[in-house]
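Step one of this worksheet: look at the structure below.
The values are calculated or read from the model by the stated rules, or taken from the named source; none is laboratory data. Please read all numbers here as calculations on a predicted model, not as lab measurements. Note: ideal-geometry Cβ built from the backbone for every residue, glycine included; neighbour counts use all protein chains shown. The area values use the complete protein model at the heavy-atom level, side chains included, leaving out ligands, DNA and RNA. Shrake-Rupley method; radii C 1.70, N 1.55, O 1.52, S 1.80 Å.
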Amino acid sequence: MQKQLRIATFNVSMEASNYPVEGNSIYQASRLTEVLKEGKQIQLRNIAEIIQRVRPDVILLNEFDYIENEEDGIGLFVKKYLQQSQNRQEAINYPYIYINSVNTGVETGLNAKDSRLSHFGFGRYPGQFGMALLSKYPIEESQVRTFQKFLWKDMPDNLLPTDKNGKSWYSTEDVNIMRLSSKSHWDVPLNINGTLVSILASHPTPPVFDGPEDRNGRRNHDEIRFWKDYIAGDKNSYHYDDAQQKGGIAKIRDFVILGDLNASANEGDAYPGTMNQLLEHPAINDYPAPSSDGGSLNKAESPYAKSHTAAWGMRADYVLPSKGLKLIDSGVFWPKPDSKEAYLVADRNASSDHRLVWVDIENPALKNCPK
């Protein structure tokens, strides 16, 4: 039995509008399929090389467009890139994959004249900025829960935006259909040598690109709050999934919260206290932020630079194991500018404007083994 597991998150910036076609400004997720098949994008090979170098057992990819047929999307990336050696690195395989639909680019159908809600989540086409989970361990498909359609108004004490007079910024019609998740929230249980661990995956909206109503900042806060309340283990909590099953996570199950959460406790434009909801949560492992030498040099003027996970200078990406999981090590893949691997993170075109974040934990199945 493997003694430890490496769990990672990586915003790979692999959505189709990154790969323009001359004379064409209209994109669909199928463009990603074309790029994957062409095999000409250095960015894709570099992303695969980074994953091969870090070698996580479980990894969440943010901003990988949702393509329902795996063989045209994430399966193609695994087969043509991860299972093939990149720059003499050992190939890596993930036999278990989880993908599902997201809210980005999905039209609400409301009248544009009367509504401020044209889409359930920002996107130029359905599936843009999607998510994909890759695992070396089996996924308990029958126990997966998704919360794509959970309504924001159904969260008690929510932060739905208001105008200067205290009235709802969104119309009543908007509020009645507005989903909380800008992409989705997933609870994906992995069977790790007979022990279930839930991967709690999401990618909240950036808390910017709005106005004084702070609609995105408030949504980001509540998308993160969703997990804070979910891991309380209350079977009678307000949560309901897309199959209408109610309640939070099973109390007996360990978990890892994964994803580009687009918020920092110390920097950026997040709504006050957003990340502290998780970082100070009693059910979450309290450990020093993963760090890198490359990050510390990227924004040397910042006292938090060592723990940055994004090129613009912020900790945005997180791997947060539950208290019951023993943490061994952690890090951010961000080579120093003078290192041999620096070309992998030279700029967004080289790989992504985010960095891969990883955490090593003791195999949770060992807790159930006789000493």
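If you check P272, P370, P303, P288 for being at pLDDT 95 or above, open to solvent by 20 Å² or more (accessible area, probe 1.4 Å) and farther than 25 Å from L200 by Cα, only one passes: P303. Kindly check whether there is at least one residue in segment 70-89 that is out of contact with any Cys (no Cβ under 7 Å at 6 or more places or on another chain), part of a loop (DSSP other than H, G, I, E, B) and under 26 Å from E141 (Cβ atoms). Yes: one or more hits. Picking from residues in segment 106-127 that are closer than 20 Å to D260 by Cβ and either touching a His at 6+ places or on another chain (Cβ under 6 Å) or hydrophobic (A, V, I, L, M, F, W, C) (or both), the one that is most open to solvent (accessible area, probe 1.4 Å) is F122. Show the residue pairs that are 6+ apart or on different chains and have beta-carbon atoms under 8 Å apart, the first residue being within segment 18-45 and modelled with pLDDT of 90 or more, the second being open to solvent by 90 Å² or more (accessible area, probe 1.4 Å) and in a loop (DSSP other than H, G, I, E, B). From segment 18-45, the pairs are I42/N349; Q43/N349. When S101 is tested against the conditions (1) within 30 Å of G39 (Cβ to Cβ); (2) of a type in the set (G, A, S); (3) open to solvent by 70 Å² or more (accessible area, probe 1.4 Å), the lone failure is (3). Only one of the numbered conditions (1) in contact (Cβ under 8 Å) with a residue 24 or more places away in the chain; (2) in contact with a strand residue (DSSP E or B) (Cβ under 7 Å, 6 or more places away or on another chain) is violated by H119, and that is (1).
Rundown of residues vs (1) touching a residue at least 60 places away in the same chain (Cβ under 8 Å); (2) under 20 Å from the mean Cα position of the chain (by Cα), yes/no style:
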| residue | (1), (2) |
| --- | --- |
| G273 | no, yes |
| L278 | no, yes |
| H281 | no, yes |
| I284 | no, yes |
| A289 | no, yes |
| V319 | yes, yes |
| S330 | no, yes |
| D338 | no, no |
| V357 | yes, yes |
